[in-house]
Each structure stands twice: as C-alpha cells, then as structure tokens.
1. Taking 56 Å as R0, compute the FRET efficiency from the Cβ-Cβ separation of residue 504 and residue 234 and round it to 0.05.
2. FRET efficiency for residue 336 and residue 605, Cβ-Cβ distance as r, R0 = 56 Å, nearest 0.05?
3. Taking only protein heavy atoms and a 1.4 Å probe, what accessible area per residue, in Å², does region 151-227 have with all protein chains in place?
4. Which entries of 429/485; 356/429; 320/356; 186/233; 520/702; 376/437 have Cα-Cα distances beyond 20 Å here?
5. Please give me, ordered by residue number, the chymotrypsin sites (Phe, Trp or Tyr not before Pro) of region 487-568 that lie in loop per DSSP and have at most 14 other Cβ atoms within 10 Å.
6. Can you give the accessible area of residue 399 in Å² (nearest 10), computed on protein heavy atoms with a 1.4 Å probe?
7. Label-point separation (nm) for residue 613 and residue 306, each offset 7 Å from Cα along Cα-to-Cβ?
8. With only Lys, Arg, Asp and Glu charged, each at its Cβ (+1 for the first two, -1 for the last two), find how big the charge dipole of the chain is about the Cα centre; round to the nearest 20 debye.
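The values are calculated or read from the model by the stated rules, or taken from the named source; none is laboratory data. In this text, all values refer to a predicted model and were calculated from it rather than measured experimentally. Cβ coordinates were reconstructed from backbone atoms using ideal geometry, including for glycine residues, and neighbour counts include every protein chain displayed. Note: areas computed on protein heavy atoms with side chains; ligands, DNA, RNA excluded. Shrake-Rupley method; radii C 1.70, N 1.55, O 1.52, S 1.80 Å.
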Amino acid sequence: MIKLSQLKRLRLLKACLIWLVLIGLVLIGLRIWPKPILVNLIPHSTAIYASDGSLLRLTLASDSQYQLWVALKEINPNAIAAAKLYEDRYFAWHFGVNPVALLRGVWRSAFGGSRQGASTITMQLARQIYNIDSRSIKGKFQQITAAIWLESRYSKQDILEAYLNIAPNGGNVKGIATASLVYFNKPASQLNLPEAITLAVIPQNPNKRWSLSSQNSPLNQARLRLWQNWLRKNPQDAQYSADMALPDKALNHTVNLPFVAPHFTDAILSELDQAATQYNVRTGLNRQAQATLERMLKSYIENNKNMGITNASAMLLDAKTMQVKAMVGSADYFNAAIFGQVNGTDAKRSPGSTLKPFIYALAMDQSLIHPASILKDAPTSFGPYSPENFDGRFFGPITAADALIRSRNVPAVSLAAKLSQPSLYDFLKNAGVSNLKSEAHYGLALALGGGELTMQELVSLYAMLANHGEFRPIAPIQDATNTQKRYRLISEEAAFITLDMLRQNPRPDTNEPDQRVAWKTGTSWGFHDAWTIGVAGNDVLAVWVGNFDGKPNPAFIGIKTAAPLFFQVLDSLRHQRLLSPYSAVEALPPRTLSRVSVCAASGDLPNKYCKNLTQTWFIPGKSPIKISSLHRPVTIDNVTGLAACNAGANTHEEIIEFWSSDMLRLFREAGMPRRVPPAPPTGCNNTLQTITDSPQITSPLKGVTYTIRLSKPETIALRANRDGQGAIYWFADTSFIAKSETGNAVAWTPQKAGRYLLRAVDNAGQSHSREVNVEFVP
C-alpha cells in the first residue's frame, strides 16, 4: 500500500510539473509571440514645441481627444509613484486582478450600500483599450479577462506606461503628458510633487476633478487625502505641505492652449509622415523672434494702409542649423479678406532681382568676372529679348560690384547669357527649386524673376551663401538637422565675395552701407511682389509685401516698400539680441582668396601708365586677369595737336584711354564722353598707338537657338565691337550679308533653318566668328 501511494504521488507530481511546464511555455509564448505595440492601439495628438521647450500647438487626435504618449522614463518618478499609490498599490504583485480588492468591492457593493471600486491599473487599461463597459457583470468579467490577457502579453513597465498615457484627465484630455502640458504648461518630466499628486487623483473621477475652483472642490479634497497617504510612506516630503495649499487660480484648460506661429505649425503638420510615431515635435522656432515679426508686420501694415498695403510675409532662418527661428505667413492668420491662412512663405512668387547675386557668384566661378570687372549697362538686345532697367536709365560702363548693388538688369542678363555648366536654370534645379518649367520657357528672363520661387526656397539659397557655398535644405524639425543632405553649389570664395559685395548696399534710411548685413531687394514685373532678403551673421531674414490674389500695386517696390520693413524688423531683432552672435572668424575670407590692385578704369592688372588703382578680390585660377592696355602713351605734335610717330623737340607725350567703339558710345550716352584716341600717322610702327583689336561679336549670342515664326518673319541683330571706328563686313558661311559700322547693328533675315557660321571682318582682315542655330516654327 505504501509503495502504491508513493507511486500515485509521484505520478501526480509528474503531471503537475508537466502542466506547470506547459503553462510556462504558454506564458513565454504569449510574451514572445508578435503582439501589437500598445502605443499604436490608440489615436494620438501631435505636440509642437519651440526651441525653449514651450508648447506652440497641440492638435486633437482622430477621436477628438487631446492625447500624447511619452515613455515611462520621461515621466517624473513622483508622478508614477503617486499614481500607483492612489490607484493600485499592489500593482507590482498581482497578475492583472487583485482578488482581495475585487472580493471587498463585491461585498461592499452588495451589502455595504455603496459601490467600491476594485479595478487595478491593468483593468483600467483594458477598459480603455478595448472600450469595455464594466458597469455590468458581463462587462466586469470581460474586463478581468482582458486584464489577465494584457498581463500575460506585456511587461509591468509596458502596462504602467500605457495606463499613464491614456488615463482620462478631465474633458477631452487624456494621459499624464497631455494633462501636464494643458494644466501646468510643462512636460511630464518637470512636474513637481504637488502637481504629481494632483494629476494622480484626476483619472478616478475626471468629470469632477479637473477644476480647483475652491478649497472644498472634489479635486482638492482628493489631493489632500492622497497627500496624507503619501506622507505616511514619505515623511521626508513634509516640507512640501505648504505647496499643497489651494493654488491662487484654477487649472489651465484646453481653451487656453497656445496657438503660436500657426503658419509654421501648419507646415510642420503637413510635412509629418503620418505613418511615423512622431507625436512630440521639437523645432528651432524662437517665440520672442516670432512675436517680434508678427508685431512689426502688423504695425507696418497699419502705418502704410493708405498706400494699399494690406498683407506681408516674413521668415527668419538660422543658416548654421537651418532651423526656422520665426515664420509669419500672412499679416493676419484669421483675416479671410486677405486669405490670411495662406502661407506666403510657401507660395510661388516672382523673385524679381533677388536671384542676381547667384548670377554674379556663378560668373565668378566660371572665370567671367571679378568684382572690379567693367560691365556694360546700355540698351542691348538678346535676340528678341531687350531688358530694361527698373528706372529706365542706363549707367554705361559699371563695375560688377556696382552693377549688383544698383541692381542693373542688362549686366545681369548679359552675364546670365554667358553662364554654362551650370546655367542659372541648372543652378536652381540643383538647389531643389520645385515646379520649374523647361529652360527654354524662361529664356534669359529667368535672371530678372521670370520664374517663380517660394520664400523658403529663396531663403535656402541665401543660407547657402552664409554657409560658404554649401547648400543644405531647411530642417524645420530639430531631429532632422543631422540627416540633411549637403552639397556645394558655388565655391567658398565666390560665396564670400558675393556677400562682401552685398554688404556695400546702402540702407534706404541712412543711405550708408551696414557692414553687418548683406542684402538685396527685388520687384516683380507689374508691381505684384516687393522683396528684401539679407544675411546677417548666421541669420537669413526675408520679407515680402504683396497680395495673395496677385492684385498689383505701384507701391510694391522692393527698395521703397519691403526694404524699410526689412530693416525695422532687423533692427528690432538686434536690439533684443535675438540674432545669432556675430562671429569675426566667420567673416574672415577664405585662405585661398587674395586682394590685388587693378586699374580702376579697366578692371585689369595695371600697366605702368594706369595711375588710378583700386583693390579687388581675386580667386587664383578662376578670376579673369590680364595686363590692362587701356592707358597708352601717345606722342602729340605740339604744332598740329595730332599724333606724331616719334618723339622730337616739338612733341610731348600724353596718356590716353583707348576705349572700344561701343564703350565710347556708352560713355557718350551716359553723359560722360571720353576722348577719341587720335589715329597715328600713316606708316607709323608705334604699336602702342595702333589699334590692333579684332572685331568681337556681341550679337547674336553664343549658344542660343533663335526661333523665327513663319507667320511673322523676324530679323536677328548682328553687332560687333572693336577698338576705334571702321566698317565691319558680315558673312553667313561663305555668303556676304551686309556692311555695318563698328558698334552698330544690322538686321539679318535667315532664309532657312539650320546652323550658320557668322563672321565679322574689319578692313584689316581681322575677323571673329560665331555659330548660331536658327529654327522655324509656324
């Protein structure tokens, strides 16, 4: 009998062990089997924060609740401990259900005359996740079953984190992270002990406990009860008892949620990947700078409404981090009359002349100019395109730096026509400018704002100059800063020189340059857009004045309308020290850049006859440089006043400028006529006095295809320049076309489509040739 009894016990023990192993395997399987992540089981709000951590905007989740999710480690430990103490002090020990509390609750509900809550934290989580109505016996059983299921699938840490993030906190506020932001305007990690106690008691009765309206309010009474229990476990915290007194005012609520920088937060929300679990978005927006831009734009419009100015946009960017520091998309977000909710910084507009600095930068990189190079500002036809300056005047010969500062159109278009690999169009494509049409669609008008860019695209281009020619996309979200692509668009030297030239642009209020800012204006054709944009240290500021409906206004002129607003904003930001600190190191030129003396009149290295010198930047290996031949000695006969071949007793020497015929014409037209060099006597071999330059074709343009309509035949202007006067003979392939005077145009009508070799030949047989393509369209 004894042996049989022992055998039965052994079999029973074996069966129990097998069952325990099976149960253990099942539990392990439930834990390791793929399961939904709790954070993905509920809808979420998105919180957008400023650079100082303050809340800019909190959105509603898809279920019309305010609900954020934060990791357990980002919640103040006191808040976690207070929640467990108040809701479920045995949370760490039970399996989802507390049998003792459950039986006590049933007994008191059945025989005590009052209902007694017995739900654990896990049971409350199960009710929230699975939408269980636990007021019936059936619902309570479902809740218990679901709680055990959760405990078998998730760790205690997962369950506690989920509970704290979905617990109701009054109204449509759910979760401790949301409640902390709404009620105390701080993240859950920064809650103090009294605040943690307050948030611990709200979920048990959220409809009555979200108001601290009086000393006897349900919330305050619950707070004090929990506080007494807390002190029994943590007597060292008695020092906070005074802080547990009723606050001077009621808790904040959702009606007081901030709605700062609405255009900026709208843009953030539209760009967020909806599939990503990014619900707390941190940005570089500076709330003081944002308030300054909003205030300055509103004041400017109020003071200038008599000019028909009703709307404006502005943007401030930190070029070093590519973070947006401030963005005002319109003068009034809530003004439907001006389409206030449209974000003007993201609207495609004509940039006017604001693209000219990049033409000059590219031209320097392509060995076309340096700052002191002499350009021509005169009426010029580029095929059928004949640009004019905004003021309708032409300055004649002008340095590249002055042409940029004074925003002369013809020199800019002339340089743009010579750019290649990349052209201006290629440059914009490389910079990521969106929705560009074909290059042929714009032609050379692209140089003067013929295309459309957004303010954000324009700001990123100027930030490229501040970043030494390296392009980086704007990173509105801080986490994206480290992942942005970087690539070079122009050389470091060209970027530095371009900013240096723009710093010489005089302010409209003082008429003096402000060396702390490199800036440029722009006015679109037809007075639709007025721009000013500039680089101040590491910051890029842009302002736009116009109408979203495209209605023109003669007041929309960059220098007259946008520039005053630009400098008002800039000065205010400086006064408040809201701009990035100016670094003298950042202002130093690249080591590869040199300063050289050039002849001021020609822009070339001075010969011994040029006495008026000036300093300019020089990029070794790129900047075009040659010895100036403009100033030459001429022997003058004292009797006749004409040029003499050789020096003698009755001669003297004069230094005369030998300008080309087209430049002499420009000087005359600009009201600054220059002396025409006297012709040397026949047979004289003095090469210094001899005009030896061959003709140079200036029209048609190099590398341009000319399209001629059969329905309306057009001509192509042929023009060539050379030193001195004289006839120019034109040939197309081997056929003679016409004769013209130096600098004067002659019309040519091609008879068929195809490629032509044009030659300009002078009386001495010197020539210059250029290929041109001609096509015909109906």
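1. For R0 = 56 Å, the calculated efficiency reads 0.25.
2. With a Förster radius of 56 Å, E is 0.35.
3. 32 Å²
4. 320/356; 186/233; 520/702; 376/437
5. 525
6. Rounded to the nearest 10, the figure is 30 Å².
7. 5.5 nm
8. 3980 debye
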